[in-house]
Every structure is written in structure tokens, then in C-alpha cells.
1. Restricting to region 103-142, name every residue that is of a type in the set (Val, Ile, Thr) and within 16 Å of the ligand (Cβ to nearest atom).
2. Is one or more of the residues making up region 263-272 charged (D, E, K, R), modelled with pLDDT under 95 and either touching a Leu at 6+ places or on another chain (Cβ under 8 Å) or at negative phi (or both)?
3. Check VAL300, VAL266 and return the single one that is within 16 Å of CYS101 (Cβ to Cβ) and in contact with a helix residue (DSSP H, G or I) (Cβ under 9 Å, 6 or more places away or on another chain).
4. Given (1) at pLDDT 95 or above; (2) surrounded by fewer than 21 Cβ atoms within 10 Å (Cβ to Cβ); (3) not in a helix (DSSP H, G or I), where does LYS112 come up short, assuming only one miss?
5. Suppose we filter LEU157, LEU70, LEU100, LEU145 for residues that are more than 15 Å from the ligand (Cβ to nearest atom) and not in a strand (DSSP E or B); which single one remains?
6. Looking only at region 21-41, filter to residues that are without any contact (Cβ under 8 Å) to a residue 40 or more places away in the chain and not hydrophobic (A, V, I, L, M, F, W, C); which one of those is surrounded by the fewest Cβ atoms within 10 Å (Cβ to Cβ)?
7. Against the conditions (1) out of contact with any strand residue (DSSP E or B) (no Cβ under 7 Å at 6 or more places or on another chain); (2) within 15 Å of the ligand (Cβ to nearest atom); (3) under 23 Å from PHE202 (Cα atoms), where does ASP48 fall short? Just the number, please.
8. Output the residues belonging to region 292-307 that are open to solvent by 60 Å² or more (accessible area, probe 1.4 Å) and at pLDDT 85 or above.
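The values are calculated or read from the model by the stated rules, or taken from the named source; none is laboratory data. Remember, it's a predicted structure, so these values are computed and weren't measured experimentally. Here the Cβ positions follow ideal geometry from the backbone for every residue, glycine too, while neighbour counts run over all protein chains shown. Calculation scope for accessible area: heavy atoms of the full protein, side chains included, ligands and nucleic acids excluded. Shrake-Rupley method; radii C 1.70, N 1.55, O 1.52, S 1.80 Å.
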Amino acid sequence: MLSTLNDFKQYFNLTEKEIEGAKKVIDTFPVRCTEYYASLANRNNPNDPIKKTVFPTAEELKDFLPDDPLKEEIQSPVSGLTHKYPDRVLIVATNYCPVLCRFCMRKRNWKKQSFVITKEQIDEITKYIKTTKVRDVLISGGEPLTIPDEILEYLILKLKEIETVDIVRIGSRLPVVAPNLLTEKKIKILERGEKVWLNTHFNHPAEVTKSSKEAVKKLLKAGIPVNNQTVLLKGINDSEETLYKLFSTLQRIKVRPYYLFRCDPVNGVFHFATSVEKGLEIMKNLKKKLSPLALPYYAVDTYRGKIILFPEGAEYKRDEKGYLFKVEDVSILLP
Ligand code: SF4
């Protein structure tokens with residue numbers, strides 16, 4: 001596991017300027033990466049997408065934005081659970097991740113004391129889900145599949161028993177950043193859950209490797225549908241060619257690309273954001289080349305939910321203050 005700047009020097013050719021920039025950041029936003037994921041980088045490419053995903057830059061300190069613009073923490077009726085949509089809830093199972101992606105929208109949790117959901121919390125959460133008749137449960141983190149197998153099994157089987165729950169979605173980046181940690185035992189637990197789907201997060205074709213393909217294959221073989229969400233990231237994947245290659249490769253391995261998100265206006269992250277128009281232009285061109293099964297929805301996320309942006313006639317206004325979106329009766333301004 002890489003956890004110091006020195007560890008990163010073994011995988012990337014770093015300039016003095018890059019190291020100096022990173023040193024300023026790591027007290028605020030630490031570093032961590034698996035050997036597997038770092039080994040995917042081409043060390044001679046100064047703009048390598050893997051390097052940009054995991055190696056900090058001083059730009060992370062230039063934003064003065066909220067840590068939690070989606071207001072996940074204040075919409076939490078029970079510890080560990082966010083309830084934003086009538087039929088759906090989010091369970092944050094841990095704040096631990098084996099790879100700290102610099103664009104993470106839950107970066108605010110990195111420096112909190114490590115936590116893993118407890119059985120007592122699971123009991124409270126499942127009691128709440130039963131009374132509210134929620135239909136769709138998303139388990140996220142951090143990396144939820146790093147929690148102890150015993151806790152994972154307890155959570156998955158408790159959710160399976162709830163009559164109203166149709167689907168349990170697990171948001172996991174393990175197939176991308178640490179496919180070896182997706183053990184047979186974990187897959188068996190997910191399989192026993194019966195309602196489980198896995199939503200993973202490939203951002204770049206360089207992340208689709210023999211090991212990640214094998215991990216996906218095992219999940220599919222166990223009857224677990226695998227979908228993908230990508231974040232549109234300046235300097236990493238914000239080109240038509242890169243996303244064409246990513247989405248077509250994912251389709252080939254039977255992973256459905258279903259969301260392309262604009263980067264959220266989160267502290268320490270927003271330097272990765274592109275303009276809304278850039279994403280619309282890319283989607284317009286991809287639409288001519290890819291069938292709907294390989295085309296994700298392009299969306300921005302807000303505290304009132306996701307807004308899907310269609311290349312034709314996207315509904316927003318832009319002025320010098322930013323983008324103004326309307327969600328039902330509320331207007332939301334995004335930078
Ligand atoms: S794996 Fe997901 S939760 Fe973890 S740091 Fe990366 S984006 Fe954030």
C-alpha cells in the first residue's frame with residue numbers, strides 16, 4: 001500500500017515542483033493507493049490519468065467551496081443513513097478506501113476517525129427502512145466492500161429480508177483499484193443477498209485491465225449486474241476519444257455505462273470540473289457513434305437530486321454567477 005509521497009516515487013517520475021505542491025496538500029487531504037492501481041500508470045507520461053487520479057496537486061487547496069454541497073449529512077434521520085429521495089436511501093458503510101481518488105466527492109470524510117458501520121447501526125437502519133417502505137438501497141462509503149465480511153453479510157442478509165426492498169446497489173471501486181480484494185467469499189455473500197447489483201466506477205480505458213475484467217466476470221457469473229458511473233474530469237477523461245473508448249470497452253465486458261457526472265462543486269475537487277457545455281458537446285458527438293446501451297446519462301448532482309442534461313435543449317441558464325438549474329420549485333445555482 002502506498003501511503004507516503006516517497007512511496008509514489010517508485011511508480012511515477014515526479015518533478016521537484018510536483019513533490020513540493022503535494023507536500024502542501026497531504027496534511028489536509030492525505031494520500032493512499034494500492035500497488036496494483038499505481039502500477040497501471042505509464043511513469044514516463046507526466047499527464048498520466050492514473051497519476052492524476054491519485055497524486056495530489058496544490059490546486060486542491062485553492063477552492064473555498066462547501067465540503068458537503070449535496071447536504072448528505074443533514075438529511076440523515078438515522079446514523080449512517082441519508083434519505084433524500086422518497087423511495088431510496090444511502091448507507092455509508094465506512095470512510096475507508098484503499099485508493100484516495102483526488103476528485104472524491106466525500107473527501108470530507110478522509111480525515112475523520114476511521115469508522116465501519118456496526119451491527120447496532122444496521123439494526124436501526126433496517127428498522128427505519130422497514131417503516132418508510134423504501135424500495136432502493138445504495139450502500140456506499142468509502143469503499144463498502146472493505147468492511148469485515150461478517151458485517152457485510154449481516155447487512156446484506158438483513159436487507160434481503162425486507163419485503164419492500166427491491167434492489168440493493170453497492171457502490172464499489174474495488175474492481176477498478178483493487179480487484180484482488182474482491183474475494184470469492186465476498187462475491188458469495190453478495191450472491192446470497194439476491195437483490196444485489198454492483199455499481200462500479202471506471203473513469204478511463206487504462207483502468208480496464210485483465211484483472212478488472214476477471215473481477216467483473218466473477219460478479220456477472222454470480223448473477224450480480226454490474227453498472228458503471230464515470231465522473232467527467234478535466235485532464236483525465238474529458239475528450240470524446242477517451243470516453244468513446246471507455247464506454248465501448250465497458251460494453252464489451254458487459255458493464256453498462258449509466259451515468260456520466262459533472263464533477264461536484266466540492267472543496268478540494270472542483271479544479272477537475274469542466275463546463276457543463278463541454279460535457280454536452282461530448283455527449284452530442286458520442287450519441288452519433290454509440291447505441292443507447294453504451295451511452296450513459298450526463299447529469300449534475302444537487303442537494304435536491306440529480307438533473308439529467310440532454311444534449312438537445314438542456315434546461316439551465318448561465319450568467320456571470322454560474323449555472324442556474326430549476327428543480328421543481330427551487331432554483332439551484334452551481335459554479
Ligand atoms: S474509491 Fe470512491 S469513495 Fe473512495 S476515494 Fe475513490 S471516489 Fe472516493
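1. Step one: list which residues in region 103-142 are of a type in the set (Val, Ile, Thr), which gives 116-118, 122, 125-126, 129, 131-132, 134, 137, 139.
Once the filter is applied, which keeps residues that are of a type in the set (Val, Ile, Thr) and within 16 Å of the ligand (Cβ to nearest atom), region 103-142 yields VAL116, ILE117, ILE139.
2. Of all residues in region 263-272, those charged (D, E, K, R) come to 264.
Checking the rest, the ones that are also modelled with pLDDT under 95 come to 264.
Among the residues that remain, those that are also either touching a Leu at 6+ places or on another chain (Cβ under 8 Å) or at negative phi (or both) are: 264.
Scanning region 263-272, I find at least one residue that is charged (D, E, K, R), modelled with pLDDT under 95 and either touching a Leu at 6+ places or on another chain (Cβ under 8 Å) or at negative phi (or both), so the answer is yes.
3. Values: VAL300 fails: within 16 Å of CYS101 (Cβ to Cβ).
Residue meeting the stated conditions: VAL266.
4. (1)
5. On the way: LEU70 fails: more than 15 Å from the ligand (Cβ to nearest atom); LEU100 fails: more than 15 Å from the ligand (Cβ to nearest atom); LEU145 fails: more than 15 Å from the ligand (Cβ to nearest atom).
Of the residues listed, the single one that is more than 15 Å from the ligand (Cβ to nearest atom) and not in a strand (DSSP E or B) is LEU157.
6. Checked region 21-41; the qualifying residue surrounded by the fewest Cβ atoms within 10 Å (Cβ to Cβ) is ASP27.
7. (2)
8. So in region 292-307, the residues open to solvent by 60 Å² or more (accessible area, probe 1.4 Å) come out as 292-293, 297, 303-304, 306.
Hits for region 292-307 are PRO292, LEU293, TYR297, LYS306.
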